[in-house]
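Please read the structure below before turning to the comments.
The values are calculated or read from the model by the stated rules, or taken from the named source; none is laboratory data. What you see is a predicted model; the values in this text were computed from it and never measured. Neighbour counts run over all protein chains shown; Cβ positions are idealised from the backbone, glycine included.
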Amino acid sequence: MPLSPSLEQSLRDAGLRVTRQRTAVLHAVTERPHSDTAAIIDQARETIPDLSHQAVYDSLRALTEAGVVRCIEPAGSAARYETRTGDNHHHLVCRSCGRIVDIDCAVGAAPCLTPAQDHGFVIDEAEVVFWGLCPTCATPSS
C-alpha cells in the first residue's frame, strides 16, 4: 500500500508521528469501518505481514486518544473502530449478524446532548445504539 497523503496528514493534524504501523492500522479502519481488532489486524497485515498484535493495539490506542478514530462498544460485542469522529452520530446494530451502520442524529446537529436532567455533568458526547435486524437477516430465506 502506498502511503496515502490524506492518512499521513490525518496523523500529523492529530499531532502523531507518521509510522508504517499507524498508517496501516488507520488504512484498515478506513477500509473496513466498524471492524473489531481481529479484522483490523488481518487488514493491516496485508500491508505489513509481520505486524504484531501489540503494534495494532498500541496504534489503535494512540489513534483513539488523538481523536483520529472512534471506539464503539455495542453490548455483547467486541470493541469496534471507525474514522467518523466528532459528529456525535449513532449506530444501528443487527442482533443476528452483528452488522453496524452509521445513523445521523434524528433532529438537528446533536439533540442528544441536551438531556432532560444533566445531574451536574458537563456533557460532551452521547452514544445511542438502535438494535434490530438488518434487511438480510430480517428477510426469511426461501
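Counting only residues that are crowded, with 17+ Cβ neighbours inside 10 Å and among the small types (Gly, Ala, Ser), which one in region 15-38 is farthest from residue 77 (Cα to Cα)? Only one residue tops the list, namely 24.
Modelled with pLDDT of 95 or more and of a type in the set (Ser, Thr, Tyr) - does that describe any residue in region 46-55?
Yes, region 46-55 has at least one match.
The set of residues in region 39-69 being within 16 Å of residue 100 (Cα to Cα) and surrounded by fewer than 20 Cβ atoms within 10 Å (Cβ to Cβ) consists of 39 alone. Going through (1) assigned to a helix (DSSP H, G or I); (2) in contact with a Leu (Cβ under 6 Å, 6 or more places away or on another chain) one by one, residue 38 falls short only on (2).
Restricting attention to region 128-142 and to residues that are in contact (Cβ under 8 Å) with a residue 12 or more places away in the chain and over 22 Å from the mean Cα position of the chain (by Cα), the residue that is farthest from residue 77 (Cα to Cα) turns out to be 136.
Residue count for region 4-14 satisfying the condition of being in a helix (DSSP H, G or I) and surrounded by fewer than 17 Cβ atoms within 10 Å (Cβ to Cβ): 6. Return yes or no: is residue 55 among the aliphatic types (A, V, I, L, M) and in contact with a helix residue (DSSP H, G or I) (Cβ under 8 Å, 6 or more places away or on another chain)? For residue 55, the condition - among the aliphatic types (A, V, I, L, M) and in contact with a helix residue (DSSP H, G or I) (Cβ under 8 Å, 6 or more places away or on another chain) - is met. Being in contact (Cβ under 8 Å) with a residue 24 or more places away in the chain, closer than 29 Å to residue 15 by Cα and exposed (fewer than 11 other Cβ atoms within 10 Å of the Cβ) holds for only one residue in 82, 125, and it is 125.
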